[in-house]
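Scroll down for the structure; my scribbles are underneath it.
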Amino acid sequence: MRRAWWRGRVVGSLVTVGASLVGGCGIQASDVIEAGGPATVDAFLNRDNDMLLFFRSPDGGLSPVIRAVRPSAGFGDAYVEPGSGDRDPTGPAGPAPTEKVVLALLSGPGKTDRAAGLTSALPLVREGATVAVEVSSDGGIAVRLPLAVQGLNATALHQLTCTIAYNEATDGRGVVTLTGHDGAKRSGTCGLAPGTVG
């Protein structure tokens, strides 16, 4: 008799627990609640193989895009540890020159970038255009561009400033002075702290 009573209690408990699991966890349905902007992530940028460009995101802000300068050797016998003395002699000897990075930015977003909704506020430049970069001893960065600077809006200036600043320094700091072929000059800083880029 005791065994039957004990079994009855165990089975009754299991049925109660099972019913509560099937019935849900008691959380009521609710509407979607906005909780701020999109999440940001740190981009894993290999400065020996990649460049960081900034394009306009669908919400009007800036979005970082990593572009390969040259393909990574990967792992295995051909792998070269970034920063080591052994480099592929056919590849660049370190980060891409800022001139090359600015020209990549001025060529506009790629197919994948456009598919993600990224655009550019910068005008396209003619093929064969050149960019000149000079870094001063105090960390200031002077850049001569193959376009008119006077008519650029704030987003276009921000795209240029952040792309140049992050190419010259890992923390993206430094005053960037842009000089256009129209003779106009504009200076500024990126203002995006590491970890908020995204």
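On inspection, residue 147 passes the criterion of being surrounded by 19 or more Cβ atoms within 10 Å (Cβ to Cβ) and touching a His at 6+ places or on another chain (Cβ under 7 Å). Only one of the numbered conditions (1) within 25 Å of residue 49 (Cα to Cα); (2) open to solvent by 70 Å² or more (accessible area, probe 1.4 Å); (3) not in a strand (DSSP E or B) is not met by residue 125, and that is (2). Total residues in region 150-176 satisfying the condition of being open to solvent by less than 10 Å² (accessible area, probe 1.4 Å), in a helix (DSSP H, G or I) and not β-branched (Val, Ile, Thr): the figure is 5. Which residues, counting only those in region 177-194, are open to solvent by 60 Å² or more (accessible area, probe 1.4 Å) and closer than 20 Å to residue 125 by Cα? Passing the criteria: 181, 182, 185, 186. Filtering region 102-120 for residues that are in a loop (DSSP other than H, G, I, E, B), more than 16 Å from the chain's Cα centre (by Cα) and modelled with pLDDT of 95 or more leaves an empty set. Go through region 127-181 and give me each residue that's of a type in the set (D, E, K, R) and in contact (Cβ under 8 Å) with a residue 12 or more places away in the chain. Passing the criteria: 144, 168, 171, 173. Flag: residue 134 does not match the condition of being charged (D, E, K, R) and open to solvent by less than 80 Å² (accessible area, probe 1.4 Å).
The values are calculated or read from the model by the stated rules, or taken from the named source; none is laboratory data. Computed from a predicted structure; not experimentally measured. Glycine gets a Cβ as well: all are built from the backbone with ideal geometry, and neighbour counts include every protein chain shown. Only protein heavy atoms, including side chains, enter the accessible area calculation; ligands, DNA and RNA are left aside. Shrake-Rupley method; radii C 1.70, N 1.55, O 1.52, S 1.80 Å.
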